[in-house]
Structures are given as C-alpha cells and as structure tokens.
1. Pairs of alpha-carbon atoms within less than 8 angstrom and 6+ residues apart define the contacts here; what relative contact order does segment 19-72 have, in percent?
2. Collect residues whose amide H, placed 1.01 Å from N in the peptide plane, falls under 5 Å from the amide H of residue 3; neighbours closer than 5 in sequence don't count.
3. For the chain, state which trypsin sites (Lys or Arg not before Pro) are in a DSSP loop and have at most 15 other beta carbons lying within 10 Å of their beta carbon.
4. With +1 on each Lys and Arg Cβ and -1 on each Asp and Glu Cβ, how big is the dipole of the chain about its Cα centre, in debye rounded to the nearest 20?
5. Can you list, bin by bin at 5 Å, the percent of alpha carbon pairs in the chain, starting at 0?
6. As a test, work out the antiparallel percent of DSSP beta bridges whose residues both lie in the chain, rounded to the nearest 5.
7. Can you tell me the relative contact order of the chain? Whole percent, Cα pairs under 8 Å, sequence separation 6 or more.
8. Just name one of 51, 9, 79: the one whose Cα is farthest towards the positive end of the charge dipole of the chain (beta-carbon charges, Lys/Arg +1, Asp/Glu -1).
Amino acid sequence: MLIDNVEVQAGADFSESELKYYVDVAKSKFPDDTITKLEVRLEEDGRVALTYTKQGVKFERVRRITGYLVGTLDRWNDAKRSEESERVKHL
C-alpha cells in the first residue's frame, strides 16, 4: 500500500488511518530524510514495531591524487592521467 509516497507493509490488520499515523511518525522522526518504505508489525506483547527504509544519500567520491583533490579524472590531460595510472598505490 502506498501512503504519502511511502510504501507501507503491515503484518497485522491496521486501518488506513493508523498506517497514515505511523507514516507521519516516521517522517517527523527523520525530517531531513526521505522515507521510502515502512514496515509496521504488531509484537507479541502488543507493541507496534516500525522499520524504516530511507532513500540513499548521493555523494561524489573525492580522492587525493598526486597532490590534487579530485572527484573524476575526465578533465585531466593525458600526461596527468598517465602519472595517475603509473603511481604506486598503497593499500
């Protein structure tokens, strides 16, 4: 079931208004993140357990290569690319 752009999976009989409440709880707990999936299940002791899945954070890898901080090598000339490919890489 999709509620407020969140895929909701419920393990027990919850009403749609209850599930909307749990989606709102998840969104208020992580206001800066995008919740993509929410699993709602009823525990044996009567408590409700929520499992959230947040959208991954996109980032660009930055490396220090031959004295420069770079994300990609696409703007380097042939000499600098050759220098990078021939360097000794320490693990």
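1. 24 percent
2. For residue 3, the qualifying residues are 8.
3. Sparse-neighbourhood loop trypsin sites (Lys or Arg not before Pro): 47, 58, 61, 75, 87, 89.
4. Charge dipole, the chain, about its Cα centre: 800 debye, nearest 20.
5. 3, 11, 18, 13, 7, 5, 5, 6, 8, 9, 8, 5, 2, 0
6. 75 percent
7. 20 percent
8. So the residue furthest toward the plus end is 79.
Read-outs: derived from the displayed coordinates by stated rules, not from any lab. Only a predicted model underlies this, so the values are computations on that prediction, with no experimental measurement involved. FYI the Cβ positions are ideal-geometry reconstructions off the backbone, even for glycines, and counts take in every protein chain you see.
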